Every structure is written in C-alpha cells, then in structure tokens.
1. Return the residues of the stretch 184-222 that are modelled with pLDDT under 80 and either among the hydroxyl-bearing types (S, T, Y) or touching a strand residue (DSSP E or B) at 6+ places or on another chain (Cβ under 7 Å) (or both); say none if nothing qualifies.
2. Inside the stretch 26-55, can you point out the residues that are more than 15 Å from the chain's Cα centre (by Cα) and either under 20 Å from L174 (Cβ atoms) or hydrophobic (A, V, I, L, M, F, W, C) (or both)?
3. For residues that are in contact with a helix residue (DSSP H, G or I) (Cβ under 8 Å, 6 or more places away or on another chain) and assigned to a helix (DSSP H, G or I), tally how many sit in the stretch 29-63.
4. Confirm whether L164 is within 20 Å of R52 (Cβ to Cβ), within 30 Å of the chain's Cα centre (by Cα), of a type outside the set (G, A, S) and surrounded by 20 or more Cβ atoms within 10 Å (Cβ to Cβ).
5. So for the stretch 82-102 (the condition being at pLDDT 85 or above and in contact with a Ser or Thr (Cβ under 9 Å, 6 or more places away or on another chain)), does at least one residue qualify?
6. Within the stretch 167-201, restricting attention to residues that are within 17 Å of the chain's Cα centre (by Cα) and surrounded by fewer than 16 Cβ atoms within 10 Å (Cβ to Cβ), which residue is farthest from R81 (Cα to Cα)?
Amino acid sequence: MAPGGSGRPEGYSRKAKSLSLLCENFITRFGLPESVISLDGSAKALGVERRRIYDIVNVLESVKVVTKVQKNQYTWHGMDRLGPALEELRAEAEAELAEVGASGAEGLLTLDERKEKSMTRLSQRFVQMFMLSKSKALGLDEAARALLGGTEDAGLFKTKVRRLYDIANILSALHLIEKAHVGEKGKPGFRWLGPEAVMAAAQRSSEEAAAARRRRRAHTLESAGEDAAAVAALHAHFQRTQQPMLPQHASAAAAAAAAAAALWNGAAAGAGADPLALAQLQQLQQSLPMVGTPRARWAFCPGQGAPGGATQLAGAPARPGGAPGRRRARRGARR
C-alpha cells in the first residue's frame with residue numbers, strides 16, 4: 001500500500017492511470033485490423049484492473065470501433081466504421097427529437113431506464129448531444145442534467161457526471177472531442193471535433209509510425225554495412241598475409257557483399273531492407289571465422305549510394321604488430 005494508507009498500490013500514478021492515456025496505450029498496443037482482443041490479457045499487459053479496460057471497450061463499442069465477439073473478447077475494426085456509426089447516431093437522435101417534439105440537446109432524455117444505464121448507451125447519448133448542440137460544446141453538468149431529466153437525486157447526479165467524465169476522456173483519446181471552456185462563465189467542458197479530426201490524428205500516427213520504421217531500417221542498414229565491411233576486411237586480411245582462404249569462405253564473402261548491396265539498393269529505392277537479403281547476410285556472417293577481425297564501417301564515395309562500385313568498403317587496418325600468423329611465427333622464433 002502507498003504511504004499514508006491511501007489504499008492505492010505503490011507506484012500509482014494518477015496520470016499513468018488516466019483513462020485518456022490508458023485508452024491511447026490500449027489503441028497503440030491492440031489496435032490491429034480485425035484482431036481479437038482479450039480483456040483479461042490486455043488488462044494484464046497494461047497493468048491495470050479489468051474494469052478500466054471494460055470502460056474503454058464499452059465506449060469504443062458505442063461508435064463501433066470494436067464489436068463484442070463473446071464474453072471478454074472484442075474484435076477491433078478501427079476508425080473505418082466510425083463515420084457510418086456517427087451518422088447512425090445522428091439519424092437516431094434526430095428521429096427521437098422529432099418524436100418528443102423537443103428542441104436541441106435537451107430533448108435527449110432517458111427513454112429506457114435499464115438500457116440507458118449501460119456505459120455504451122450513455123456514451124452514445126453523450127455523442128448525440130454534441131451532434132445536436134449548436135455550439136458543439138458541452139459542460140458535464142449540463143449533459144448530466146439533460147440525460148437525467150431533471151432528477152433531484154444529488155448522489156445519482158454526481159455518479160452520472162463521473163461516468164460522463166470517464167467517457168469524455170476516452171472520446172478525447174479518439175480525438176472526437178477535446179477539453180474546452182464552455183458557457184458564459186467559461187466552465188470546464190468539452191468541444192466536439194468530429195470524425196475529420198479522428199482521421200487527421202490517424203494520419204499523423206501513421207506518418208509517425210512510418211518515420212519510426214525508417215529509423216529502424218536505417219539502423220538495420222548500418223549494422224548490415226558494418227557486417228559486410230567486416231567480411232570484406234577479413235578477405236583483405238587473408239590477402240595481405242597471403243594465407244590461403246578456403247573456397248567456401250571466399251564465396252561466402254562475395255555473397256555477403258552482394259547481400260549487403262541488395263539491402264542498400266532496396267532502401268535507396270524506397271522498398272526498405274529486404275528481409276531475405278538480411279537473413280542471407282546474417283547466415284553468411286555466421287559461417288565466416290571472424291575472430292580477431294575488427295568491424296569496419298562503410299566509406300561512401302561523395303555523391304554515391306549503393307555498394308559494389310559506387311560505394312567502397314573500408315578495409316580493416318592491420319592489427320598492431322602485424323597479422324596474427326606473423327606474430328605467432330615471431331614468438332616461435334624467439335623461443
């Protein structure tokens with residue numbers, strides 16, 4: 001327990017446990033196209049209570065980002081279904097307003113008490129209120145009063161506000177809404193951004209992921225370059241010392257240089273490192289005796305890119321005292 005008997009586990013971070021950040025982490029980690037998400041597994045992976053994951057998936061389900069498969073399992077659909085889901089909610093809200101003869105968001109009152117208590121349905125009602133609001137901004141107190149239909153139960157009102165705050169944080173992680181000051185007094189609330197903001201955020205995330213892949217690819221190419229240069233340096237070592245190089249080693253060195261060239265050319269063409277070429281290079285490296293051979297880097301010719309002509313491999317310098325074979329010969333002569 002944390003010091004002071006707060007009842008929270010040690011290492012508890014209010015920011016880390018916020019639903020908005022937790023939802024972002026959930027989407028990043030488990031938001032794979034048409035993948036099946038286990039609530040138990042995701043709660044364990046994220047280190048939170050299962051009820052927190054329940055809250056997230058209930059809100060995501062309200063806009064069809066996920067759908068329930070069976071108990072504790074949901075299928076991820078992503079943002080592709082978000083637009084049609086919002087249009088369905090808008091049509092439903094407009095039809096109900098026409099039926100009750102009310103105006104504005106105040107017409108969205110609870111019609112089915114049992115059904116409306118679910119977080120999924122409450123989330124849908126909250127979204128509908130934003131859609132029908134002329135200002136596209138809502139305070140949580142205002143939304144709670146409209147949804148409760150003027151109840152005098154203070155406890156129920158506070159509970160509804162807390163639930164709406166949780167829902168708002170999850171919708172914020174989706175970029176459907178954002179925090180804002182609303183009303184003449186500038187009370188804390190939320191502003192509707194809509195599906196366009198969601199798609200823009202998804203595009204930014206995609207670009208950031210692509211940039212991360214490019215950085216990883218550059219690191220892979222650098223490592224591959226070092227490996228191929230080390231192979232070439234080993235080959236050069238055999239040539240300098242005039243020691244015989246076994247045919248399989250000579251062919252492996254040549255093949256490794258070709259594999260490195262394929263890696264670089266693939267990246268230069270925008271195709272990225274060829275996994276097959278990389279695997280071939282790694283396999284060839286393991287087949288060569290690398291003991292005592294320093295690793296060298298690429299030495300690029302100015303304005304050139306691909307190895308094998310345009311790029312030169314830097315040969316490894318001779319070790320102090322000459323090659324290993326010569327040192328052993330000198331030590332034998334001294335004895």
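1. S205, S206, T220, listed by residue number.
2. E34, V36, I37, L39, A43, V48, R51, R52, I53, Y54, D55
3. Applying the first criterion (in contact with a helix residue (DSSP H, G or I) (Cβ under 8 Å, 6 or more places away or on another chain)) to the stretch 29-63 yields 29-31, 33, 37, 39-40, 42-43, 45-46, 48-50, 52-63.
When the remaining residues are screened for being assigned to a helix (DSSP H, G or I), the result is 29-30, 39-40, 42-43, 45-46, 50, 52-62.
Residues in the stretch 29-63 being in contact with a helix residue (DSSP H, G or I) (Cβ under 8 Å, 6 or more places away or on another chain) and assigned to a helix (DSSP H, G or I): 20 in total.
4. Working: within 20 Å of R52 (Cβ to Cβ): yes; within 30 Å of the chain's Cα centre (by Cα): yes; of a type outside the set (G, A, S): yes; surrounded by 20 or more Cβ atoms within 10 Å (Cβ to Cβ): yes.
Spelling it out, L164 is indeed within 20 Å of R52 (Cβ to Cβ), within 30 Å of the chain's Cα centre (by Cα), of a type outside the set (G, A, S) and surrounded by 20 or more Cβ atoms within 10 Å (Cβ to Cβ).
5. Yes.
6. A200
The values are calculated or read from the model by the stated rules, or taken from the named source; none is laboratory data. Quick caveat: nothing in here was measured; it's all calculated off a predicted structure. Cβ atoms come from the backbone with ideal geometry, glycine included; neighbour counts cover every protein chain shown.
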